[in-house]
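Read-outs throughout are calculated quantities, based only on the coordinates presented, and are distinct from any laboratory measurement. Fair warning: this is a prediction, and the values are worked out from it, not measured in the lab. Every residue, glycine among them, receives a Cβ derived from its backbone with ideal geometry; neighbour counts consider all protein chains shown.
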Amino acid sequence: MQEPRNELYEQIIIAGFGGQGIILAGRLLAQTAMKAGKEVTFMPSYGAEVRGGTANCMVIIANNPIACPVVGKPDSLIVMNKASLDKFAPRLKNGGLLIINSSLIDSCPQLDDSIEIIAVPADELAVQLGSHKVANMIVLGAYLQKRAAVDGLSPEQAAACLPQTIAKWYHHTLPVNAQALRRGGEFVL
């Protein structure tokens, strides 16, 4: 009888343009994993100008210490716009997970057939919740729901970490952000 594999080393890139909450989504993912007792690295990258420029972050979640925070070939990729998809999709590992914001991305490049592609109309779902700014939480919730078996994290755990992650002057947005995480998770069920 084979021992269950307890080796977790999930590399994620979240990418989009400035103003879409890319760095916040990555920080929340890292905070959620850290609170769950995982080893975590978080490495943000901003474009020349923040709003409208490019933004991405690399997050690694593992059971053991992480030697390097740089993600070369991610296991999972969350992209919010077409430019980010074109830049990062070729790096995605075979058998990986690609979550795209189908509100802004209408086609995917040719990828390996083993890659699971999930199109989430994040902007439309965010507007339905009453805030166009929570599209980032919707795609993060979808990611967490899809990868729950891999990393053991859930949209609910992320919602519980929102108060430690979002600046105090934005705490009035906690309910809609938590709702968006749950809605993203429900979308992929």
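Scalar couplings 3J(HN,Hα) for region 97-102, obtained by applying the Karplus form with A = 6.51, B = -1.76, C = 1.60 to θ = phi - 60°, are 10, 10, 10, 10, 7, 5 Hz; x denotes Gly and Pro.
For region 9-187, the relative contact order works out to 21 percent when only alpha carbon pairs closer than 8 Å and six or more residues apart are counted.
Need the full-extension length gain, Asp113 to Lys73, defined as separation in residues times 0.36 nm minus the C-alpha distance. One decimal, nm.
Numbers: separation 40, 0.36 × 40 = 14.40 nm, distance 1.65 nm.
Taking Asp113 through Lys73 to full extension adds about 12.8 nm, to one decimal.
The HN-Hα couplings worked out from phi for region 61-67 by the Karplus form 6.51 cos²θ - 1.76 cosθ + 1.60 (θ = phi - 60°) are 10, 8, 8, 10, x, 9, 6 Hz, whole numbers, x standing for Gly and Pro.
Under a Gaussian network description of the chain, with springs only between Cα atoms under 10 Å, the residue in Ala158, Ala67, Ala36 that fluctuates furthest is Ala67. How far is it, in nm, from the label point at Gln128 to the one at Lys82 when both lie 7 Å from their Cα along the line to the Cβ? Roughly 2.4 nm, to one decimal.
Restricting to bridges with both residues inside the chain, how much of the DSSP beta-bridge set is antiparallel, in percent to the nearest 5?
Values: 17 of 30 bridges.
Counting only bridges with both partners in the chain, antiparallel ones make up about 55 percent.
Structural descriptor for region 96-189: relative contact order 30 percent, calculated from alpha carbon pairs under 8 angstrom and at least 6 residues apart.
Mind telling me which of Ala167, Ala148, Ala25 comes out most flexible in a GNM of the chain, alpha-carbon contacts under 10 Å? Answer for the Gaussian network model of the chain: Ala167.
Label separation (Asn64 vs Ser45): 2.6 nm, computed from points 7 Å beyond Cα along the C-beta direction.
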